[in-house]
1. Please name all residue pairs, on different chains or six or more residues apart, with Cβ atoms under 7 Å, provided the first residue is in the stretch 1-16 and is in contact (Cβ under 8 Å) with a residue 60 or more places away in the chain and within 16 Å of V98 (Cβ to Cβ) and the second residue is small (G, A, S) and open to solvent by 60 Å² or more (accessible area, probe 1.4 Å).
2. Among the listed residues I165, I95, which satisfies the condition of being of a type in the set (A, V, I, L, M), at pLDDT 95 or above and over 30 Å from I51 (Cα atoms)?
3. Tell me which strands (runs of 3 or more DSSP E) are completely within the stretch 71-177 and hold 3 or more residues being more than 22 Å from V39 (Cβ to Cβ), open to solvent by 10 Å² or more (accessible area, probe 1.4 Å) and not charged (D, E, K, R), or say none if there are none.
4. Determine the pairs where a residue that is aliphatic (A, V, I, L, M), located within the stretch 148-165, has a partner that is in a loop (DSSP other than H, G, I, E, B) and open to solvent by less than 90 Å² (accessible area, probe 1.4 Å) with Cβ atoms under 7 Å apart, the partner being 6 or more residues away or on another chain.
Amino acid sequence: MSDLMNQLNETVAYIKSKITSEATTGIILGSGLGNLAEVIKTDVALPYGDIPHFPVSTVKGHGGKLIFGELGGKKVIVMSGRFHFYEGYSAQQVIFPVRVMKMLGVETLLLSNAAGAVNPDYKVGDLMIINDHISFFTMNPLMGKNEEALGTRFPDMSEPYSKNIIAKAKAIAAANNIHIHEGVYTAVTGPTFETHAEYRLIKVVGSDVVGMSTVQETIAAAHCGMKVFAVSVVTDLGIREDNNVITHEEVLQAAKEAEPKLTLIFKELVATL
């Protein structure tokens, strides 16, 4: 057995020794979006630092707990805080928790992130359902020896985000008078925000928003047969040419203001899964 599979088995065994119920839905919360965890009826919360082989969040606005509880009447596993390539973790470390969730029985993964808009029709505070992504600008986490126990060498990515779940989320948004976009997310490594020329390039290649997460997790989930749904919160506008100075604090504030809408959608969506 490979070192990776040994680590995954050790992590899963530890977690199973601490929980009393299983969940088929997993959630990963992005920058400034951790308050959804407060809505969950928590059974167990495990600090990342206590979990064998788990990385630890180092970015402001990210929690550091793996939460097991109930949302929308369903059992869920929630990562309050994610890991990023720019923190110095390998792509394989970034996706390690996704693989752990799969081995714990998760079938559907819900992702959220803070993103900069390059679509001129978007405003700060808007939500965008991700229906596709561009991953050429960041490391593919499946590079290296393939783990056949997890998935095929060449996974299909023709529908990385479930059309069925997207339709449910759009119906929930409409029923609650929440304006929501649908578009393409481009992932970059970070941690720098993009230059004007980079924003223009990302817009030209067909993207609507850009961010520093999510895509590697989606690839890992697709590799092991999980369904994925993802939402970006527009926290800054990369299309402004004048005075376009972006700070992480502004990103966190914009995410906080938009969070109630995202929380409602996730809660009602989980209830339908």
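1. Taking only residues 6 or more apart or on different chains, the pairs are M5/A149.
2. I165
3. Ranges flagged: 127-137.
4. Within 7 Å, the pairs are L150/C224.
Residue-wise test of (1) farther than 17 Å from V270 by Cβ; (2) small (G, A, S); (3) in a helix (DSSP H, G or I); (4) touching an Asp or Glu at 6+ places or on another chain (Cβ under 9 Å).
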{"position": "L4", "(1), (2), (3), (4)": "yes, no, yes, yes"}
{"position": "Q7", "(1), (2), (3), (4)": "yes, no, yes, no"}
{"position": "Y14", "(1), (2), (3), (4)": "yes, no, yes, yes"}
{"position": "I19", "(1), (2), (3), (4)": "yes, no, no, yes"}
{"position": "E22", "(1), (2), (3), (4)": "no, no, no, no"}
{"position": "I28", "(1), (2), (3), (4)": "no, no, no, yes"}
{"position": "A37", "(1), (2), (3), (4)": "no, yes, yes, no"}
{"position": "T42", "(1), (2), (3), (4)": "no, no, no, yes"}
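The values are calculated or read from the model by the stated rules, or taken from the named source; none is laboratory data. This structure is a prediction, so every number in the text was calculated from the model and none was measured. No Cβ is skipped: glycine too gets one built from the backbone with ideal geometry, and neighbour counts run over all protein chains shown. Side chains included, ligands, DNA and RNA excluded: accessible areas come from the protein's heavy atoms. Shrake-Rupley method; radii C 1.70, N 1.55, O 1.52, S 1.80 Å.
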